[in-house]
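All of the numbers you see were taken from the coordinates with simple rules; none came from a lab. Bear in mind the structure is a predicted one, so any value in this text is a computation, not a measurement. Here the Cβ is made from the backbone with ideal geometry for all residues, glycine too, and neighbour counts use every protein chain on show.
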Amino acid sequence: MVNKEWPLWEVFIRSKQGLNHKHVGSLRAADAEMAVDNARDVYTRRSEGISIWVVESNSIHASHPSEADSLFEPSHSKVYRHPTFYEVPDGIEHM
Amino acid sequence: MKELDIQELERRFQEKIDNDIKIEPNDWMPDNYRQTLIRQISQHAHSEIVGMLPEGNWITRAPNLRRKAVLLAKVQDEAGHGLYLYSATETLGADREDTIDDLHSGKAKYSSIFNYPTVSWADMGAIGWLVDGAAIMNQVPLCRCSYGPYARAMVRVCKEESFHQRQGFEIMVQLANGAPEQKAMAQDALNRFWWPSLMMFGPNDAESKHTAQSMKWKIKRHTNDELRQQMVDITVPQIEILGLVVPDKDIKWNEETGHYDYGEIDWNEFWNVVKGNGPCNKERVDARRIAKENGMWVREAANAHAIKRAARKAS
Ligand SMILES: [Fe+2]
Ligand SMILES: [Fe+2]
């Protein structure tokens, strides 16, 4: 077992307090703790982050591009979900 | 849903590219596009990693602590660039170890510039200034490459590259304004790295067999000769500011074209180095192979450590 290739990890960095962790790339490491250490060396050498998440790549489940139409098409026709759909008479403020 | 035939898939693919919509890893792509990218990105990754060797040669002999810290930081950046790029090849389904083994067997190429020796400290200046300068010129348009992960890696790389060129130029400025011996060192480094730097852009457009397709796919945005001309135009005035001499007797400003004319590149030398007969080809590839073989215990130790740590947590 010691001979196997290190697994692949996806790296997410929070650049500053108050912002989401954002995907920045991937790397290989033998376990999660080493993945965090490696991510620190590779992705935060210029103060790019204050917090790191690593997720093993094969734990990520993604939607498939071929499903994009059925997943995302329905929302295109629902313009009434946006405030610009509604008419507001002239002179109305704070709305 | 009806099965789409391949022509229709290809048409949609090209339409996306024409509309500047990025291609992402799970999207359908023509096999040739995938293979072209794997070849190009892995060569690029190898160049970053092999490129650490000529500079690594001077880390222990940097003239002072500041220079040493800077060179160390630069070489460490190049390792990071290699990693971003190997990761990008993995998104295309390439096996990381296979691509690295292709480098070691001589099947995969890397930038020929790294097959030249670094014989003096001034070479650290010339490399940062000219070699990283040429690399930046190649990489900036790649930030708009059609393949998302490659483009994103290039954005990161370009951000990090800008200090590489400046630290090199700073070394050249100091040497060029120093003692006559120092100025001679700077000129000598320029003499040796000038032509190989221009070769970094690859063969002339007429000889470059992949250019047309790569431009259609927006993997490439400028031809080799366009980028090379840009490099000459930008660098010649910098050489003049340094008070050094362009090592090309044909260099001349052309009022009509608005560019510098420059002499013929020695393409025999270029192809000879590409084919493996440069001054350091064998040394570079050997160094990489030995690093993998001798570093194998580190990989195994990390795996053993991970297993132990997991067992400790479970108990
Ligand atoms: Fe680099
Ligand atoms: Fe660099």
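Under 20 Å from a label point 7 Å along Cα→Cβ of B:S315: give me every residue in the range A:5-38 with its amide N that close.
Residues A:31-33 fall inside that zone.
Over the whole of A:23-29, what's the average partner chain Cβ count within 10 Å per residue? Rounded to a whole number, please.
That average works out to 5.
Taking R0 as 56 Å, what FRET efficiency do you get between B:S120 and B:L4 from their Cβ-Cβ distance, rounded to the nearest 0.05?
0.40
Pull out a ≥ b ≥ c, the square roots of the eigenvalues of the alpha-carbon gyration tensor of the range B:190-315, then state rounded if a/c is under 1.5, prolate if not and a/b is larger than b/c, and oblate in the remaining case.
Prolate, since a/c reaches 1.5 and a/b exceeds b/c.
Taking the Kirkwood radius as the inverse of the mean 1/r across Cα pairs, report the Rg/Rh of the protein assembly as shown.
1.02
What number, rounded to the nearest 500 deg cm²/dmol, is the helix-based mean residue ellipticity at 222 nm of chain B, given -39500 (n - 2.57) per DSSP H run of at least four residues and division by all its residues?
Result for chain B: -21500 deg cm²/dmol, rounded to the nearest 500.
Quick one: grab the alpha carbon gyration tensor of chain A, order the square roots of its eigenvalues as a ≥ b ≥ c, and give me rounded if a/c is under 1.5, else prolate or oblate depending on whether a/b is larger than b/c.
Verdict is oblate for chain A.
Once the dipole of chain B is set up with Lys and Arg at +1 and Asp and Glu at -1 on Cβ about the Cα centre, which of B:A314, B:W194, B:N294 lies farthest towards its positive end?
The residue sitting farthest along the positive end of the dipole is B:A314.
Can you give the mean number of other chain Cβ atoms that lie within 10 Å of the Cβ atoms in peptide A:39-47?
Averaged over the peptide's residues, the number is 3.
Where a ≥ b ≥ c are the square roots of the eigenvalues of the C-alpha gyration tensor, would you call chain B rounded, which needs a/c under 1.5, or, failing that, prolate if a/b is larger than b/c, or oblate?
It comes out oblate by the Cα gyration axes.
In terms of modelled amide H atoms, which long-range or inter-chain residues lie less than 5 Å from the amide H of A:H21?
Close amide H contacts, sequence-distant or interchain: none at all.
Report the dimensions of the range B:1-113 along its three principal axes from the alpha-carbon atoms, largest first, rounded to Å.
67, 32, 22
Say the dipole of the range B:1-74 comes from +1 at the beta carbon of Lys and Arg and -1 at that of Asp and Glu; which of B:Q14, B:H46, B:G56 then lies farthest toward its positive end?
Checked the options; the winner is B:G56.
Work out the charge dipole of the range B:202-247 with +1 on the Cβ of Lys and Arg and -1 on the Cβ of Asp and Glu about the Cα centre, then indicate which of B:I219, B:L242, B:P203 is farthest towards its positive end.
B:I219
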